[in-house]
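Trainee: Below is the structure I would like to discuss, written out as C-alpha cells.
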Amino acid sequence: MKYILGTRSVFLTVITIALMGSGCHKEAPSLDNQNLSNNNLAFLFLAENKIKINQAITVYDSTLIRDSIDFVSPPSAKYYKWEIIPNSGCDSVLSNKNKGITSFIFNCSGAYSLTAKIYDSLTQSLIGITDTLEINVTSDTLHPTQQIKEDDILNIRPDIVKRYSNTSLPPEKVWISLIISSTKRYDNYTPYITFDYASNISANDYSYVFKNIKLDSYPFAFGTYGTTDIVWGGIQLDGLSYIVPANLRITWLGITYIGTVTLLSENQFTFNWDNSGAVKIQ
C-alpha cells in the first residue's frame with residue numbers, strides 16, 4: 001500500500017510540474033491549427049519582377065499598408081520576419097528590417113522568392129503569413145553612372161525667363177535658360193537620369209564640363225526593365241548684362257566648344273555659335 005501511495009504521489013507531482021510549465025511558456029502557434037491571416041505582398045515602384053545586379057527593390061504588405069502615411073511610417077504593432085529563398089547571402093536589407101515595408105538589394109543574379117511571417121510585436125505570437133513574390137535578378141548590373149555615348153549630340157534650346165513681383169511693372173530679373181537634351185537614349189528614364197557636369201561661372205563667362213550620365217535614384221531604378229530615355233536638363237545663364245556679350249564654353253566628349261551669348265533686351269537675345277560640332281543650339 002505504501003508503494004502504491006508513493007507512486008501516486010510521484011504521478012501527481014509530475015502533473016503539477018507539467019501544468020506549472022504550461023502556464024509559464026506559451027506554446028508556439030502551429031500553421032496547421034491556427035487561423036492565420038494570409039497577407040499579399042507587392043512591389044513598390046517596380047513594374048515587373050525583373051531587376052539588375054546591385055539594384056534595390058522595395059516590397060510591402062499591400063494588405064496592411066494602403067494609405068500614404070503607412071508608407072512613410074509603417075505600423076509598428078506587427079513584426080515581420082522576412083525570408084529570401086534561397087538564402088545564399090546575395091541579398092541585404094537596406095531599411096525597415098522588421099517592418100511591413102522593406103527594401104532589399106541583390107548582388108548576385110538568380111531567381112529568388114520573398115516571403116514573411118508576421119508576429120505580434122507585443123506578445124511575439126505568430127499572427128499571419130504572407131504570400132510569395134518571385135524576383136528575377138538578371139546578369140546585367142545597375143551602375144550609378146553611364147558614359148556619354150561617343151556619337152551623342154548635345155542639343156540646346158535657349159529661352160528668356162523673367163521674374164516679376166508686379167506684372168504691371170518691368171521684370172525684376174531677366175535671364176536666359178538653356179534647355180539641354182541628349183540625342184541618344186540611356187538606360188532608365190527622366191527624371192532619374194540626369195547630366196553630371198561641373199560649372200565655373202564668373203563675370204560674363206560661363207563654363208560647363210560634361211562628365212557622364214548619372215542615376216540620381218541609385219541603387220533604385222524605376223519603371224520597366226530595359227527602359228531607355230533621352231536625358232534632359234537645364235542650365236541658367238544668370239547675371240547677364242544687356243548688350244554685353246558673355247562667353248559660353250561647353251566641354252562635351254572631351255572637346256570644348258566656345259561661343260558668345262548676348263541678352264539684347266528683356267525679349268531678345270543672340271548667340272554666336274558654330275553648330276557644326278556635337279553641341280548644337282536650336
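Trainee: For segment 239-253, which positions are over 32 Å from the mean Cα position of the chain (by Cα) and not in a strand (DSSP E or B)?
Mentor: Scanning segment 239-253 gives GLY239, LEU240, SER241, ILE243, VAL244, PRO245.
Trainee: Something else: Please work out if PHE220 is surrounded by 13 or more Cβ atoms within 10 Å (Cβ to Cβ) and either within 20 Å of PRO144 (Cα to Cα) or in contact with a His (Cβ under 6 Å, 6 or more places away or on another chain) (or both).
Mentor: Values: surrounded by 13 or more Cβ atoms within 10 Å (Cβ to Cβ): yes; either within 20 Å of PRO144 (Cα to Cα) or in contact with a His (Cβ under 6 Å, 6 or more places away or on another chain) (or both): yes.
Yes, satisfied.
Trainee: Is it true that LYS99 is over 30 Å from THR224 (Cα atoms) and of a type outside the set (Ser, Thr, Tyr)?
Mentor: On the way: over 30 Å from THR224 (Cα atoms): no; of a type outside the set (Ser, Thr, Tyr): yes.
No: the conditions fail for LYS99.
Trainee: If I filter segment 197-216 down to residues being of a type in the set (A, V, I, L, M, F, W, C) and part of a strand (DSSP E or B), which single residue comes out as nearest to the chain's Cα centre (by Cα)? Give the steps one after another, and end with the answer.
Mentor: Of the residues in segment 197-216, the ones of a type in the set (A, V, I, L, M, F, W, C) are 198, 201, 203, 209-210, 213, 215.
Checking which are part of a strand (DSSP E or B) leaves us with 198, 201, 209-210, 213, 215.
On the way: ALA198: 24, ILE201: 32, VAL209: 27, PHE210: 24, ILE213: 16, LEU215: 10 Å.
Once the filter is applied, the top-ranked residue is LEU215.
Trainee: Which of the residues belonging to segment 267-282 are in contact (Cβ under 8 Å) with a residue 60 or more places away in the chain, closer than 21 Å to SER182 by Cα and not charged (D, E, K, R)?
Mentor: PHE271, ALA278, VAL279, ILE281, GLN282
Trainee: Right, here's the next one. From the list THR194, THR256, which one is among the polar types (S, T, N, Q), part of a strand (DSSP E or B) and out of contact with any Leu (no Cβ under 9 Å at 6 or more places or on another chain)?
Mentor: Values: THR194 fails: out of contact with any Leu (no Cβ under 9 Å at 6 or more places or on another chain).
One residue alone meets the criteria, THR256.
Trainee: Only one residue in PRO171, PRO219 is touching a residue at least 12 places away in the same chain (Cβ under 8 Å) and within 29 Å of the chain's Cα centre (by Cα), so which one is that?
Mentor: Values: PRO171 fails: within 29 Å of the chain's Cα centre (by Cα).
It is PRO219.
Trainee: Looking at ASP152, ASP159, ASP205, which is the one that is surrounded by 13 or more Cβ atoms within 10 Å (Cβ to Cβ) and closer than 28 Å to ASN275 by Cβ? Before you say what the answer is, go through the steps one by one.
Mentor: Working: ASP159 fails: surrounded by 13 or more Cβ atoms within 10 Å (Cβ to Cβ); ASP205 fails: surrounded by 13 or more Cβ atoms within 10 Å (Cβ to Cβ).
Unique residue meeting the criteria: ASP152.
Trainee: Just checking, which of PRO74, PRO29 is at pLDDT 50 or above and part of a loop (DSSP other than H, G, I, E, B)? Don't jump to the end; show me each part of the working.
Mentor: On the way: PRO29 fails: at pLDDT 50 or above.
None of the other options fit; the residue is PRO74.
Trainee: Next question. Quick one: in segment 67-123, which of the residues that are of a type in the set (D, E, K, R) and within 18 Å of LEU133 (Cα to Cα) is farthest from the chain's Cα centre (by Cα)? Lay out the reasoning, then the answer.
Mentor: Just the residues of segment 67-123 that are of a type in the set (D, E, K, R), to begin with: 67, 70, 78, 81, 83, 91, 97, 99, 117, 120.
Remaining after also requiring within 18 Å of LEU133 (Cα to Cα): 81, 83, 91, 97, 99, 117.
On the way: LYS81: 23, GLU83: 22, ASP91: 17, LYS97: 17, LYS99: 18, LYS117: 25 Å.
The residue in question is LYS117.
Trainee: In addition: For segment 156-179, enumerate the residues that are among the β-branched types (Val, Ile, Thr) and not in a strand (DSSP E or B).
Mentor: THR167
Trainee: A follow-up question, please. Looking at (1) surrounded by 14 or more Cβ atoms within 10 Å (Cβ to Cβ); (2) not in a strand (DSSP E or B), find the lone condition where SER182 falls short.
Mentor: Here SER182 clears every test but (2).
The values are calculated or read from the model by the stated rules, or taken from the named source; none is laboratory data. Bear in mind the structure is a predicted one, so any value in this text is a computation, not a measurement. Glycine gets a Cβ as well: all are built from the backbone with ideal geometry, and neighbour counts include every protein chain shown.
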